[in-house]
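A short worksheet on the structure shown next.
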Amino acid sequence: MSEPIKIIIPMAGYGSRMRPHTWSKPKPLIPLAGKRVLDHLLAMFNTLPDVEQARFVFILSPNQGDLIQKYMARRYPHCKVDYVIQQEMRGQSDALWQARAFLKGRMIMVFSDTLIESSLAFMANEEAEAVAWVKAVPDPRRFGVAEVSAGRWVTRLIEKPRDVDNNLAVVGFYYFKEGEKLLAAIAEQVRRNDVLKGEFYLTGAINILLEMGVKMRIENVNHWLDAGTPDALLETNRFFLEHGRQSAVRENDMEDVIIRPPVSIHPSARISVSTIGPHVSVGEGTIIEGSEIRDTIIGDNSHITDSHLSASIIGDMVEISGLSGKFNLGDNSTAVQ
């Protein structure tokens with residue numbers, strides 16, 4: 001793989017499904033299983049051949065660039081990253097069009113709330129012009145699906161099908177051998193005004209690409225996870241903690257604490273007289289006292305006292321005292337009984 005591959009990650013959008021957390025931070029920086037969503041996103045490429053040479057392109061909305069760039073500079077100074085701004089939210093294809101200066105040669109495109117567990121080692125010898133990663137799901141109606149021929153070649157993509165006859169969902173992870181052809185397809189999509197609910201969806205551009213004769217095959221994923229809604233984020237947190245992303249916890253360092261694994265607790269967190277777990281992620285500098293926490297994500301520097309939390313997502317610098325139940329609290333919140 002002599003030419004460095006481009007990895008395009010659209011991150012623009014309002015993040016409305018993840019509010020209140022996205023009022024103060026972009027969705028990729030929301031806590032998940034001891035890290036941030038962006039950390040898990042980048043980890044997907046660890047098996048990509050020559051990933052050290054890859055060039056990332058992040059497509060951002062106007063109000064989120066600084067936070068993403070500062071995070072990357074601090075945590076991933078070795079990564080080669082270019083940043084593009086999508087000024088108006090006109091859809092996935094439009095986001096890629098804003099990054100057209102970088103869509104040359106081999107490229108991978110993945111949406112920022114798509115997390116897969118699947119080896120990319122085969123990419124060293126990939127010969128197809130394009131690849132769509134897919135996963136069979138019980139109900140595909142809120143996804144796009146791939147119609148596939150007997151030879152596993154994609155014949156058409158359908159965005160949000162009305163029935164469940166075809167359950168082969170496209171997961172939002174694609175490879176294109178020639179980014180220039182994808183750009184030509186997007187230009188044609190815009191010319192045709194091929195929109196759905198006012199947006200240019202990538203499935204429309206890919207269908208035009210298929211019309212142009214580009215051969216796209218499918219690649220099945222082992223696990224497809226989602227970080228786009230609160231319920232999905234908690235489900236993904238459970239999966240990651242159960243599959244090797246829990247932390248080693250020294251209960252001897254804590255006062256009257258019961259740990260029910262799997263959990264991820266930052267070494268700087270302070271916990272006393274509490275029961276933690278299962279499926280709990282606790283961020284840096286957070287303090288938990290006299291509480292019972294299960295199936296919950298807690299960000300950095302929060303303080304939880306005398307509370308019972310379950311199925312909750314708690315942001316950074318949140319103060320909670322005397323509460324019991326399920327909560328979804330953004331950064332710098334206070335909830336005191």
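The values are calculated or read from the model by the stated rules, or taken from the named source; none is laboratory data. Please read these numbers as outputs of a predicted model, since none were measured by experiment. Cβ sites come from the backbone with ideal geometry, for glycine too, and all protein chains shown count toward neighbours.
Suppose we filter the range 63-91 for residues that are of a type outside the set (Ser, Thr, Tyr) and assigned to a helix (DSSP H, G or I); how many remain?
Start the filter on the range 63-91 by keeping residues that are of a type outside the set (Ser, Thr, Tyr), which leaves 63-70, 72-75, 77-82, 84-91.
Subsequent filtering for residues that are assigned to a helix (DSSP H, G or I) retains 65-70, 72-75.
Here the count works out to 10.
Output yes when any residue across the range 47-68 is modelled with pLDDT of 90 or more, more than 15 Å from the chain's Cα centre (by Cα), under 29 Å from Ile314 (Cα atoms) and not assigned by TED's automatic domain parsing to the domain that holds Asp316, and no when none is.
Among the residues of the range 47-68, at least one is modelled with pLDDT of 90 or more, more than 15 Å from the chain's Cα centre (by Cα), under 29 Å from Ile314 (Cα atoms) and not assigned by TED's automatic domain parsing to the domain that holds Asp316, which makes the answer yes.
When you go through (1) under 27 Å from Glu188 (Cα atoms); (2) under 19 Å from the mean Cα position of the chain (by Cα); (3) modelled with pLDDT under 95 one by one for Ile108, which number turns out not to apply?
(3)
Please specify each residue of the range 239-271 satisfying the condition of being assigned to a helix (DSSP H, G or I) and closer than 23 Å to Glu289 by Cα. Break it down stepwise before answering.
To start, the set of residues in the range 239-271 that are assigned to a helix (DSSP H, G or I) comprises 239-242, 251-253.
Correct list: Leu241, Glu251, Asn252, Asp253.
Return the only residue of Val171, Val190, Val214 being assigned to a strand (DSSP E or B) and either surrounded by 15 or more Cβ atoms within 10 Å (Cβ to Cβ) or in contact with a His (Cβ under 7 Å, 6 or more places away or on another chain) (or both).
Values: Val190 fails: assigned to a strand (DSSP E or B); Val214 fails: assigned to a strand (DSSP E or B).
That would be Val171, the only listed residue that is assigned to a strand (DSSP E or B) and either surrounded by 15 or more Cβ atoms within 10 Å (Cβ to Cβ) or in contact with a His (Cβ under 7 Å, 6 or more places away or on another chain) (or both).
Only one of (1) under 24 Å from Met18 (Cβ atoms); (2) crowded, with 23+ Cβ neighbours inside 10 Å; (3) in contact with a strand residue (DSSP E or B) (Cβ under 7 Å, 6 or more places away or on another chain) fails for Ile271. Which number is that?
It fails just one condition, (1).
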